[in-house]
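Structure first, commentary second.
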Amino acid sequence: MTTVAPSVHARDLSDAPDWWRQAVVYQVYPRSFADTDGDGLGDITGITSRVPYLAELGVDAIWLSPFYPSALADGGYDVADYRDVDPKLGTLADMDELIAQLHAHGIRVIVDIVPNHTSNDHAWFQEALAAGRGSAARERYIFREGTGPDGSEPPTDWQSTFGGPAWERVADGQWYMHHFDVSQPDLNWANPEVRGDFVKTLRFWSDRGVDGFRIDVAHMLTKDLSEPLPSQAEIEALPQDGSHPLFDRDDVHEVYAEWRAVFNSYDPPRTAVAEAWVHPSRVPLYARAESLGQAFNFDLLEADFDPAQFRRIVADNLALAAESGSSTTWVLSNHDVVRHATRYGLPDAERGADGRPTLKHGNEWLLSGGQTPTLDAERGERRARAAALFVLGLPGSAYLYQGEELGLHEVAEISDDQRQDPTFFRSRGIDQGRDGCRVPLPWSENGPSFGFGEGGAHLPQPEWFAAYAVGLQDGDPASTLSLYRRALDLRHALQTDERLEWIDAGRDDVVAFARPNGWTIVTNFGSEPVPLPAGEVLLSSSPLEGGALAGESTAWIRRA
Ligand code: BGC
């Protein structure tokens, strides 16, 4: 293991154990970040080679999407071995080196844990197939007999999240359950061996110096599968109040209480953040200190660029955070949704029956190859910059998705034969899937794969990527990259406390709030310039117009 001289941006890692409360966490999707061996797939040494970039950006931590051995049937969320590195991406020694380099630069590391399901390549699943019905090996998963006279019908009519049936038949006639892709069999969390093995995994990575964990579909692990099993219609009709057979069951917190004891046995305690798609009233259960400690708030992923929605989302989530004693998490983009620069450049979202906006508009746009409805790319970027400064001004932690600091758009130009996401295949192309936000990053204007690596890129990069390259934005003070760097640098002054006070701006299209040190954050969601409060303008997402805040822009002000 080599050591590196910390950069000028290095921060002290011995900070208080609650470093995560207001941290900026940068999500790295390893396959698409940087490729050092030229095979078109990003790798661990690629990430290491870009640690100085991450340090200069000023992030407090990175979250690594799965890098474990995987057939990549679901972008790595199909894990064949939780305690190793995919040979296509590197080795455990490479991971040790990455962790060391990040720590030397004052950046913490969060890794993704995928406990609901393994890959069908996992040794346990292979053993289950070989061992046959009634075996202990099958008890680690959810195997059932089929229905119909010869058992050739699935045990229930449940649908998988990615489309198609949630059951698959194996050679001897039994069926196994998979919430997601057929290559992702669900584990049986009633089995103590399964529980014990994940504790081992958490210790394995904690011992290697990992600082925290992102828990994939944290609300799905425990299930009540007593007979008779309910139908899909019954499952959809049952309330998700802690007693639902499949989702957000109260007993999942028994698992997390055990994990919490593991996390707290380290100094500093390891952190965890739940990816839990649950009713807002139940989010605090995951965010409690006795459970995972923090939970994602995905409300902004589903919101339009709209002042009333933004204000409500902030108020609701700060209240939920206060209820759990945790801090909230702001997310504008991740590896599962259409990038926000693109969402904001499309017509406003349609609403579902429950009045909540849907992400369908993004998919419709993808379905049409990015033609209709027309994308207003410039407007999308302008709003994306404004939204970024808005969330970075809020109390709580901010999760950035790789490429958003470049103002990057979703890629629609991926042909059917180049698509990789199982949602595309299992929905028979009705859902275009998530490949468009997972295209390898453009590091330079020219060169093979825009500096991603010496070879190609595993998903096609469009020509327009050149205009977003890091190299091009690097020295340009007006670039989105420079805006993020400046915001992250200034933001430390806001991390001294978690208070927010609303300011009545006297008009509905402006949202303003006060933060510590006399700072005011003002976002103009309208199209006309609005006057700013007296004070020094520290940062603004677009140039001021005659001293006023331009339309669809945010400014950070230090009050006079
Ligand atoms: C991850 C997805 C993944 C799914 C199944 C999610 O919530 O973010 O990328 O496909 O879990 O593991």
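The values are calculated or read from the model by the stated rules, or taken from the named source; none is laboratory data. Quick caveat: nothing in here was measured; it's all calculated off a predicted structure. As a convention, Cβ positions derive from the backbone with ideal geometry for all residues, glycine included, and neighbour counts pool all protein chains shown. Protein only, heavy atoms only, side chains kept; ligands, DNA and RNA dropped before computing areas. Shrake-Rupley method; radii C 1.70, N 1.55, O 1.52, S 1.80 Å.
Just to be sure I understand: if I project the alpha-carbon convex hull of the range 225-311 onto a plane and average over all orientations, what area do I get in nm²?
Working: hull surface 31.3 nm².
With every direction weighted equally, the projected area is 7.8 nm².
3J(HN,Hα) along the range 546-560: x, x, 9, 7, 5, x, 6, 9, 10, 10, 9, 10, 9, 4, 5 Hz, from the Karplus curve 6.51 cos²θ - 1.76 cosθ + 1.60 with θ = phi - 60°, whole Hz, x for Gly and Pro.
For the range 170-179, putting each phi into the Karplus relation 6.51 cos²θ - 1.76 cosθ + 1.60 with θ = phi - 60° gives couplings of 9, 4, 7, x, 6, 10, 10, 8, 9, 5 Hz, in residue order, rounded to whole numbers and with x for Gly and Pro. Residue ranking by accessible heavy-atom surface, 1.4 Å probe, largest first, among D96, D224 comes out as D224, D96.
Here, the range 17-105 yields an orientationally averaged convex hull projection of 6.1 nm² when only Cα atoms define the hull. Based on Cα atoms of the range 498-558, Rg over Rh with Rh as the Kirkwood radius reads 0.93. Couplings 3J(HN,Hα) of the range 76-92, computed from phi: x, 7, 10, 9, 8, 7, 6, 10, 8, 10, 4, x, 5, 9, x, 9, 4 Hz, in residue order, whole Hz [Karplus 6.51 cos²θ - 1.76 cosθ + 1.60, θ = phi - 60°; x for Gly and Pro].
When both bridge partners sit in the chain, DSSP labels roughly 55% of those beta bridges antiparallel.
Accessible surface for the range 498-558, divided over its residues, is 44 Å² per residue with a 1.4 Å probe.
Using the Cβ-Cβ distance between Q126 and A237 with R0 set to 51 Å, the FRET efficiency works out to roughly 0.85. Its Cα gyration tensor gives the chain an equivalent ellipsoid. The semi-axes, each the square root of 5 times an eigenvalue, are 38, 26, 25 Å from largest down. Rounded if a/c is under 1.5, else prolate if a/b beats b/c, else oblate: with a ≥ b ≥ c from the C-alpha gyration tensor eigenvalues square-rooted, which is the range 353-506? Oblate.
Hydrodynamic analysis of the range 123-177 uses the Kirkwood radius over alpha carbon pairs. Inserted into Stokes-Einstein at 37 °C and 0.692 mPa s, it gives a translational diffusion coefficient of 285 µm²/s.
Quantify, in whole percent, the carbon and sulfur part of the accessible surface of the chain (1.4 Å probe; protein heavy atoms only).
Values: 10790 of 20680 Å².
Carbon and sulfur: 52 percent of the exposed surface of the chain.
The residue among L500, I313, Y256 whose Cα reaches farthest toward the positive pole of the charge dipole of the chain, with charges on the beta-carbon of Lys, Arg, Asp and Glu, is L500.
Amide H to amide H, with H built 1.01 Å from N, H117 comes under 5 Å of L187, counting only residues 5 or more places away or on other chains.
Accessible area per residue for the range 123-177, computed on protein heavy atoms with a 1.4 Å probe, is 47 Å².
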